[in-house]
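Single-structure report; data block below.
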Amino acid sequence: MGGVDILHVDDDKGLASLTADLLERKDSRFNVETAATATEGLQLLDDLSPDCIVSDFEMPGIDGLEFLQAVREEHSKLPFILFTGRGSEEIASDAISAGATDYLQKQSGTEQYELLANRINNAVTRYHSEKQLRETKEEYAAVFENARNGLLLVDVEQEGFRFRRCNSRVLEFTGLAESELIGKTPQEALGYENARAVVGAYRKCAAMRETITYAVTLTHPVGEVVHEANTTPIIRDGEVEQLVVAFTDITERHAREQKLREERAVIQQALDALDEPLFVTDINGRLKHCNHRALELTGHTDQTAVEMPITDLFPDDERETITDAVDDALRTGRTTVTASLRLDSGQQQPYEFRAHSLTDLDNNTAGLVILGQDTPDT
């Protein structure tokens, strides 16, 4: 805690000045401003933005309790210590009921100022701690609510799980009302089949005690939705007490990927139906794909062929020819070369290879497709 600004309100100017001097001596962080009336104190309040108010009780016009009530209308948490020469249990009770942080009766001697300084320090420390905690909670709440992903806070209970909190994105992704979700178990909120899918992930996360990533398809009021989710455990005192589930709706992306997989499968079937070997390379001449006939002839599999230099499929004395042909096709867009493919049997089979360049979405050369055809002499 840095400097502590204190507003001291007391109609006894001599006592107010003494109190300010002694408090500042007791704690070098204290900076005390004085006001002679509650009205003046209210006028100074917004300008000073004090960390604590110390006020007398008996003052002309507005007394200490009325001053406290006026302060509380705008500053509900600001530390307010009633420091008064008139003391009674009734005044103390009224002060605390009205929202005073503390009550201290004036005594003779300077020891009371050390006690007052301690009361101020304790009140201000607690005030700043609570203020920081509120601000932190508000920041987390803002992040939670405004996140692009759906966010769920899930309690881990002895018998299972229960949804504790969600942001508006969860309701948007699922079509559920908050009342249909919060306070419910997964089965109560999502139904048996959906609950089985998510509870399995929750149990895995709680058991592993680390973040897990998964995709799950659930049926919601908005329809069938594919969720991509991360679930993270919150561990307190060695126990997994809650889970934070962050997910997004990838239904459209999943559908596009599924369509792409289906299209690739059709293309692969078409390529595999060719009686001629076909190879796809990157710009460095390394194999990225082979059709079934190419793998059959060379004895390779998809796993062993990928990333292999295409020159490895030819005899040593023809590798330079293949390298030059690859370079020519990458430079000009196409080329034709005759060379002998090394077969799985150890023999060599001559082919006329026609290479065409491939481009990416930005029209940059990405590699080659090379198709082998029987030479006229075979």
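The values are calculated or read from the model by the stated rules, or taken from the named source; none is laboratory data. Because the structure is a prediction, the values reported are computed rather than measured. Note that each Cβ is placed from the backbone with ideal geometry, even for glycine, and that neighbours are counted across all protein chains shown. The area values use the complete protein model at the heavy-atom level, side chains included, leaving out ligands, DNA and RNA. Shrake-Rupley method; radii C 1.70, N 1.55, O 1.52, S 1.80 Å.
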| field | Rounded tilt (10° steps) of 64-74 against the dominant C-alpha axis of the chain | value | 20 degrees
| Portion, in percent, of the accessible area of the chain that falls on carbon or sulfur, probe 1.4 Å | 45 percent
| field | Magnitude of the charge dipole, the chain, Cβ model with Lys/Arg +1 and Asp/Glu -1, debye to 20 | value | 640 debye
| task | Place a +1 charge on the Cβ of each Lys and Arg in the stretch 142-245 and a -1 charge on the Cβ of each Asp and Glu, then give the dipole magnitude about the Cα centre in debye, rounded to the nearest 20. | result | 160 debye
| request: May I ask which of K13/K106; K106/K131; K26/K77; K137/K184 have a Cα-Cα span longer than 22 Å here? | output: K106/K131; K26/K77; K137/K184
| query | Given a 1.4 Å probe, how much area per residue of the chain is accessible, in Å²? | reply | 57 Å²
| What angle, in degrees between 0 and 90 and rounded to the nearest 10, separates the Cα long axis of helix 319-332 from the longest principal axis of the Cα atoms of the chain? | 60 degrees
| query | Against the longest alpha carbon principal axis of the chain, how many degrees, from 0 to 90 and to the nearest 10, is the axis of helix 38-48 turned? | reply | 30 degrees
